[in-house]
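A short worksheet on the structure shown next.
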Amino acid sequence: MAFTKLSLQAFGGNDDTPATPTYETDIWAVFRALRDTRDLFGLRPGHLHTLQAMLSFLKAGHGHTVFASNEEICRRIGGVDERTLRRHIDRFIELGFMKRNDSPNRKRYRVRSSDGHSISYGLSLSPLLTRASELLSAAQEQENARRDCMFLRKQILSRLACLEQADSASDLVRDLRKTLRRKLTLFDYRTVLELLEGPCSQLSTAVDQQEATKLPANDGQTVRHQSKSEEERKDLEGEIDTETPNLQTLTATCDQATSFATSSIVSWDDAERHARTLAPMIGIHENTFDKAASRIGPRKAACAIFIILQVGNRIRDFAAYFHSITLGRRQNDFNPKRLLESLAHSPAAPA
């Protein structure tokens, strides 16, 4: 559709010709906000189909009044009967999203004076545009709640998987999985997560006590270029192992990353797959991760993703930081094993 924007301007009475423009808003963004928050106003999909059809009659620079007849609007909606259309219009007027400006003969048209003023008779959508900020804010709040619910749900599923692995017959796990089948609110998800804190903390104490495996080698060695020879590839793998932490240490310390896992991370293949899933979520392109895995090894690249999520509040740009420590000037200084030891002893380390 060619038309996407309308100007919100100051009008007097039924004058549809603005004198002083104020600001411009995307009418379709307002429509999408109302569509996403329709449950708050008791609107059904049919109401939105009617509003969408009416918006399609508006033309840039011709105001925000619909002059089309009921018959034409019904045809554009898809053939609904006129009584349904009237009910939908009455509902929008009741909610304050629409206003009816009737002419003496109830026809819809515009008349202009010689000095450029005009009067429009028809269905005015100016109230909808006036409430643009309210609708956009409500849509944003709803989207934030949706994302928070998804975030908490992933954490819950991750903890349930850990508990289920320890005790497959757990009554708590079975009951909570039944609870997750329902549509829960943000408060419900937080309550479920709190219920899991005790059992999970008892489960993690024995796991977190394992020491990282000490691997002999020189931390100062670096590889400055890729080689296809078998001998140099073995040297690269040996060097990576000197800086790669124990997998249990990685998952225990970087609980922010592991909380998003839908299943337990029991091998480095699991960790690498999970890191590849997390990378696009924090703005790191798949190709960038592949290049990093080729340059420093897939394990160190996966460690970088886990560590970035763990210390995310200290990093402005995740993608730039990842590139710097894996492909850029800080590549030689990146030692995930040393970083995890530092995180494990920091005050903010997970219990």
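Whole-Hz ³J(HN,Hα) for each residue in the stretch 276-290, computed from phi via Karplus 6.51 cos²θ - 1.76 cosθ + 1.60 with θ = phi - 60°, x for glycine and proline: what do you get?
Those phi angles translate into 5, 6, 6, 3, x, 5, 10, x, 9, 5, 4, 5, 5, 5, 4 Hz.
Grab every C-alpha pair in the stretch 73-168, bin the distances at 10 angstrom width from 0 up to the longest one, and report whole percents.
Binned Cα distances yield the sequence 12, 22, 22, 16, 11, 10, 4, 2, 0.
Just order 168-175, 56-63 by mean Cβ neighbour count inside 10 Å, highest at the front, would you?
Descending packing order for the listed peptides: 56-63, 168-175.
Taking the Cα atoms of the stretch 290-346, what is the range of coordinates along each of the three principal axes, in descending order and whole Å?
Principal-axis extents of the stretch 290-346 (Cα, largest first): 31, 23, 17 Å.
For the stretch 267-311, just run the numbers: alpha carbon Rg, then divide by 2.2 N^0.38 Å, N being how many residues it has. Working shown, then result.
Working: Rg = 9.3 Å, N = 45, 2.2 N^0.38 = 9.3 Å.
In units of the globular-protein estimate, the stretch 267-311 measures up at 0.99.
Using a 1.4 Å probe on the protein heavy atoms only, what accessible surface does residue 188 show? Give it in Å² to the nearest 10.
Number for this one is 50 Å².
For the stretch 83-127, place one equal point scatterer on every Cα, skip the solvent, and apply the Debye formula. What is log10 of I(q)/I(0) at q = 0.23, 0.25 Å⁻¹?
The Cα Debye sum returns log10 ratios of -0.84, -0.92.
Along the Cα→Cβ direction, 7 angstrom out, place labels at residue 324 and residue 161. What is the inter-label distance in nm?
Taking the two extended label points, one gets 3.1 nm.
What distance in nm lies between label points placed 7 Å from Cα along the C-beta direction at residue 103 and residue 119?
1.1
Between residue 332 and residue 143, 0.36 nm times their residue separation minus their Cα-Cα distance comes to what?
Using 0.36 nm per residue and subtracting the Cα-Cα distance, I get 64.0 nm.
Would any residue of the stretch 78-117 have its amide N under 17 Å from a label point 7 Å out along Cα→Cβ of residue 44? List them or say none.
In the stretch 78-117, the label zone of residue 44 (backbone N under 17 Å from the point 7 Å along Cα→Cβ) covers 78-95.
If you take the beta carbon distance between residue 187 and residue 285 as r and set R0 to 22 Å, what does 1/(1 + (r/R0)^6) give as a FRET efficiency, to the nearest 0.05?
Working from the Cβ atoms, E equals 0.05.
Return the sequence-ordered ³J(HN,Hα) values of the stretch 312-326 in whole Hz as given by the Karplus equation 6.51 cos²θ - 1.76 cosθ + 1.60 applied to θ = phi - 60°, using x for Gly and Pro.
Working through the residues one at a time gives x, 5, 9, 10, 7, 10, 4, 5, 5, 5, 4, 4, 5, 8, 10 Hz.
Measure out, as a whole number of angstrom, how far apart the alpha-carbon centroids of the stretch 126-185 and the stretch 73-125 sit.
41
Accessible surface of residue 84 in the full protein assembly, 1.4 angstrom probe, to the nearest 10 Å²?
Surface accessible to solvent at residue 84 totals approximately 20 Å².
Give the residue list of trypsin sites (Lys or Arg not before Pro) in the stretch 258-351 that are DSSP loop and have at most 10 other beta-carbon atoms within 10 angstrom.
316, 329
Which value in nm describes the separation of the simple spin-label points at residue 177 and residue 344, placed 7 Å from the Cα toward the beta carbon?
3.2
For residue 95 and residue 82, calculate 0.36 nm times their separation in residues minus their Cα-Cα distance, and state this gained length in nm to one decimal.
Using 0.36 nm per residue and subtracting the Cα-Cα distance, I get 2.7 nm.
The values are calculated or read from the model by the stated rules, or taken from the named source; none is laboratory data. This one's a predicted model, so the numbers in the text were calculated from it and none came from an experiment. Glycine also receives a Cβ, built like all others from the backbone with ideal geometry; neighbour counts cover every protein chain displayed. With ligands, DNA and RNA removed, areas are computed over all heavy atoms of the protein, side chains included. Shrake-Rupley method; radii C 1.70, N 1.55, O 1.52, S 1.80 Å.
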